[in-house]
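A.B. asks: Take a look at this one; I'll ask things after.
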Amino acid sequence: MVSELPRPTCTTRKGNSFVMIKIAKFGGSSVADAAHFKKIRAIVEADPARRFIVVSACGRRFSGDAKVTDLLYLVAAHVRYHVSCDDLLADIGARYFAIADELGLAYPIRDEFAAFAEKAKAGALSTEELVSRGEYFTAQLMAEYLGLPFLDAADVVAFHHDGTLAMGRTHELIQERGIPGGFVMPGFYGATREGRILLLDRGGGDISGAILAQALDADLYENWTDVSGFLSADPRIVENPQPISRITYSEMRELSYMGASVLHEEAVFPVMEAGIPIAVRNTNRPQDPGTIISDREDYVEDEPIITGVTGKRNFVAVHVLKDHMSNEVGIIRRTLTIFERYHVSVEHIPSGIDSFAVVVQGDDVKDCIWSIVADIKTEVAPDAIKVVDDLSLISTVGRNMIGRPGISGQLFAALGNEGISIRMIAQGSDEINIIVGVHKDDFEHAIRAIYRAFSDGDHLLELKDLKKTADESRPHVVDDK
């Protein structure tokens with residue numbers, strides 16, 4: 001077993017000693033095999049503040065490989081339908097045995113896994129408990145390898161009976177049962193008071209790490225994955241997009257919601273409430289600075305004007321037209337009530353004098369769109385109604401756009417110069433995003449056009465560049481006295 005790491009001590013400006021706490025969460029790709037375990041050990045040993053570790057289940061080792069969590073869900077399905085799952089369990093066990101053997105670990109993984117497999121095949125485990133063993137076994141092996149105690153998430157992450165997190169009790173349990181010198185905890189699951197294992201949403205390991213960071217009042221929550229933080233655009237669309245060094249919680253939410261998925265969205269809230277920064281880092285490239293997510297909204301001259309450009313396909317717009325609509329009270333409310341009746345979430349409501357549109361995600365209305373249209377005709381009695389189902393939305397996000405004239409003009413001009421028709425425009429009241437709707441065939445073309453509008457070819461334009469451009473555009477006054 002590896003000896004324990006020294007406890008980190010830092011000194012404040014006032015000369016007082018304090019212990020710095022970093023929560024390090026490692027995702028499935030970061031714990032895929034023994035080689036990745038070695039990378040994690042090097043990362044942990046490089047910073048003695050990394051004493052509290054959260055791990056996911058082993059992820060893909062290579063393209064085409066399966067995640068252990070997905071295999072465990074398959075095992076649960078096989079058991080449910082009385083189909084043999086011996087081969088699946090053998091494959092899962094082999095993953096863990098290989099890690100233990102290569103690292104020379106003493107944890108009795110073969111005996112423990114054999115006992116688990118027998119219970120699974122006998123149907124003695126709920127789906128939640130069966131699937132949670134992916135994180136459980138990964139954390140057991142990681143704890144021994146790092147020389148840290150193992151803390152079972154079932155003992156500290158508390159659920160109510162309805163499946164919702166009991167945050168207050170979770171905080172109490174972590175304070176009561178957590179080991180002060182550090183520990184390794186599996187992510188993704190917890191338990192009720194009676195010991196029934198329940199799961200968080202997929203990607204719940206991120207949430208587990210954030211909960212732990214909040215409960216321990218950590219200085220930093222590090223989320224280690226297989227990318228070096230957020231990029232300012234999808235590299236499959238924009239060639240060599242610039243990394244984002246710093247981003248606010250609000251910006252991250254906007255980018256994540258519109259498709260830039262690096263961090264589970266729900267993982268933001270526990271640390272955001274506590275004012276704890278998040279660092280998204282790359283396990284395979286720990287030297288990369290990654291992205292810092294915090295609530296700092298100050299402006300720095302050498303930061304980009306925009307933070308990122310992202311988008312989603314497959315939106316539907318239901319256009320409602322009615323003469324003198326502006327004089328009719330409640331027409332939009334009645335229309336939205338119909339969408340609510342079908343449990344459809346509304347994305348945007350662009351409007352004019354005699355018309356408005358309700359924009360929704362295509363998947364949400366694929367089975368009910370014509371029923372919704374029929375109800376609108378009956379209950380709202382519009383002069384005309386039109387459904388547009390070839391809409392894509394593109395979001396340009398950036399805290400540095402706030403209160404700066406010319407940004408939207410620059411964006412719209414870039415699309416116009418490329419012959420791209422804008423079919424919808426929306427901007428949040430906080431001014432950190434501009435959303436445009438374009439035809440689905442223009443989606444990637446539009447993202448590239450917007451990115452180029454705020455780039456010099458290699459880097460995104462910075463605030464100082466915007467100021468310089470504004471100064472140069474002012475008329476030159478000649479004093480001829």
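The values are calculated or read from the model by the stated rules, or taken from the named source; none is laboratory data. As the structure is a computational prediction, the values presented were derived from the model and not from experiment. When we count neighbours, we look across all protein chains shown, and the Cβ atoms used for this are built from the backbone with ideal geometry, even at glycine. Note: accessible area is taken over every heavy atom of the protein model, side chains too, but ligands, DNA and RNA are not part of it. Shrake-Rupley method; radii C 1.70, N 1.55, O 1.52, S 1.80 Å.
A.B. asks: Can you confirm whether Leu173 is open to solvent by less than 40 Å² (accessible area, probe 1.4 Å) and closer than 25 Å to Ser84 by Cβ? Give the derivation first.
C.D. replies: Values: open to solvent by less than 40 Å² (accessible area, probe 1.4 Å): yes; closer than 25 Å to Ser84 by Cβ: no.
So Leu173 does not fit the description; no.
A.B. asks: To continue, here is another question. Can you pull out every residue in region 104-128 that is open to solvent by 30 Å² or more (accessible area, probe 1.4 Å), assigned to a helix (DSSP H, G or I) and either in contact (Cβ under 8 Å) with a residue 40 or more places away in the chain or of a type in the set (A, V, I, L, M, F, W, C) (or both)?
C.D. replies: Correct list: Ala114, Ala115, Lys121, Thr127, Glu128.
A.B. asks: While we're looking at this one, here's another question. Out of the residues in region 315-344 that are outside any helix (DSSP H, G or I) and touching a strand residue (DSSP E or B) at 6+ places or on another chain (Cβ under 7 Å), state the one that is farthest from Ser395 (Cα to Cα).
C.D. replies: Here is the first cut: in region 315-344, the residues outside any helix (DSSP H, G or I) are 315-324, 328-330, 342-344.
Now drop any that are not touching a strand residue (DSSP E or B) at 6+ places or on another chain (Cβ under 7 Å), which leaves 315-321, 344.
On the way: Phe315: 13, Val316: 16, Ala317: 17, Val318: 20, His319: 21, Val320: 24, Leu321: 26, Val344: 21 Å.
Per the stated criteria, the residue is Leu321.
A.B. asks: All but one of (1) open to solvent by 10 Å² or more (accessible area, probe 1.4 Å); (2) out of contact with any Gly (no Cβ under 7 Å at 6 or more places or on another chain) hold for Ser228; state the number of the condition that does not hold.
C.D. replies: Failed condition: (2).
A.B. asks: May I pose another question? If I go through region 444-462 residue by residue, how many of them are among the basic types (Lys, Arg) and more than 19 Å from Arg399 (Cα to Cα)? Walk me through how you get there before you give the answer.
C.D. replies: Step one: of region 444-462, the residues among the basic types (Lys, Arg) are 448, 452.
Subset that is more than 19 Å from Arg399 (Cα to Cα): 448.
Adding up the residues that qualify gives 1.
A.B. asks: I've got another one for you. Restricting to region 206-225, and then to whatever is β-branched (Val, Ile, Thr) and either surrounded by fewer than 20 Cβ atoms within 10 Å (Cβ to Cβ) or within 22 Å of Glu172 (Cβ to Cβ) (or both), can you tell me which residue is modelled with the highest pLDDT? Write out each step before concluding.
C.D. replies: At the first step, the residues of region 206-225 found to be β-branched (Val, Ile, Thr) are 207, 211, 225.
Now narrow it down to the ones that are either surrounded by fewer than 20 Cβ atoms within 10 Å (Cβ to Cβ) or within 22 Å of Glu172 (Cβ to Cβ) (or both): 207, 211.
On the way: Ile207: 90, Ile211: 94.
So, considering only residues that are β-branched (Val, Ile, Thr) and either surrounded by fewer than 20 Cβ atoms within 10 Å (Cβ to Cβ) or within 22 Å of Glu172 (Cβ to Cβ) (or both), the one modelled with the highest pLDDT is Ile211.
A.B. asks: Report yes if Gly428 is over 25 Å from the mean Cα position of the chain (by Cα) and surrounded by fewer than 21 Cβ atoms within 10 Å (Cβ to Cβ), otherwise no. Before the answer, list the steps.
C.D. replies: On the way: over 25 Å from the mean Cα position of the chain (by Cα): no; surrounded by fewer than 21 Cβ atoms within 10 Å (Cβ to Cβ): yes.
Criteria not met by Gly428.
A.B. asks: Now for a separate question. Counting only residues that are under 22 Å from Arg285 (Cβ atoms) and either part of a helix (DSSP H, G or I) or in contact with a helix residue (DSSP H, G or I) (Cβ under 6 Å, 6 or more places away or on another chain) (or both), how many does region 27-80 have? Walk me through it before giving the result.
C.D. replies: Here is the first cut: in region 27-80, the residues under 22 Å from Arg285 (Cβ atoms) are 27-50, 53-56, 58-63, 65, 67.
Imposing the further condition that a residue be either part of a helix (DSSP H, G or I) or in contact with a helix residue (DSSP H, G or I) (Cβ under 6 Å, 6 or more places away or on another chain) (or both) reduces the set to 28-31, 34-46, 50, 54-56, 58-59, 67.
The number of residues fulfilling the criteria is 24.
A.B. asks: Here's something else I'd like to know. For region 293-325, how many residues meet the condition of being surrounded by fewer than 19 Cβ atoms within 10 Å (Cβ to Cβ), over 22 Å from Gly229 (Cβ atoms) and either in contact with a Ser or Thr (Cβ under 9 Å, 6 or more places away or on another chain) or modelled with pLDDT of 95 or more (or both)?
C.D. replies: Residues flagged as surrounded by fewer than 19 Cβ atoms within 10 Å (Cβ to Cβ), over 22 Å from Gly229 (Cβ atoms) and either in contact with a Ser or Thr (Cβ under 9 Å, 6 or more places away or on another chain) or modelled with pLDDT of 95 or more (or both) within region 293-325 amount to 5.
A.B. asks: Restricting attention to region 157-165, does a residue exist that is modelled with pLDDT under 95, under 24 Å from Asn223 (Cα atoms) and either aliphatic (A, V, I, L, M) or in a helix (DSSP H, G or I) (or both)?
C.D. replies: The first filter runs over region 157-165 and keeps only residues modelled with pLDDT under 95, leaving 161-165.
Adding the requirement that they be under 24 Å from Asn223 (Cα atoms) leaves 164-165.
Okay, now just the ones that are also either aliphatic (A, V, I, L, M) or in a helix (DSSP H, G or I) (or both), so 165.
There is at least one residue in region 157-165 that is modelled with pLDDT under 95, under 24 Å from Asn223 (Cα atoms) and either aliphatic (A, V, I, L, M) or in a helix (DSSP H, G or I) (or both).
A.B. asks: Anything in region 351-407 that is assigned to a helix (DSSP H, G or I) and either farther than 18 Å from Ile338 by Cα or open to solvent by 40 Å² or more (accessible area, probe 1.4 Å) (or both)? List them, or say none.
C.D. replies: Initially, region 351-407 is screened for residues assigned to a helix (DSSP H, G or I), giving 362-365, 369-379, 399-401, 407.
Scanning region 351-407 gives Asp363, Asp364, Trp370, Ser371, Ala374, Lys377, Thr378, Glu379, Arg399, Asn400, Met401, Ile407.
A.B. asks: Looking for something among the acidic types (Asp, Glu), under 17 Å from Gly187 (Cα atoms) and buried (at least 22 other Cβ atoms within 10 Å of the Cβ) - is there at least one such residue anywhere in region 129-151?
C.D. replies: yes
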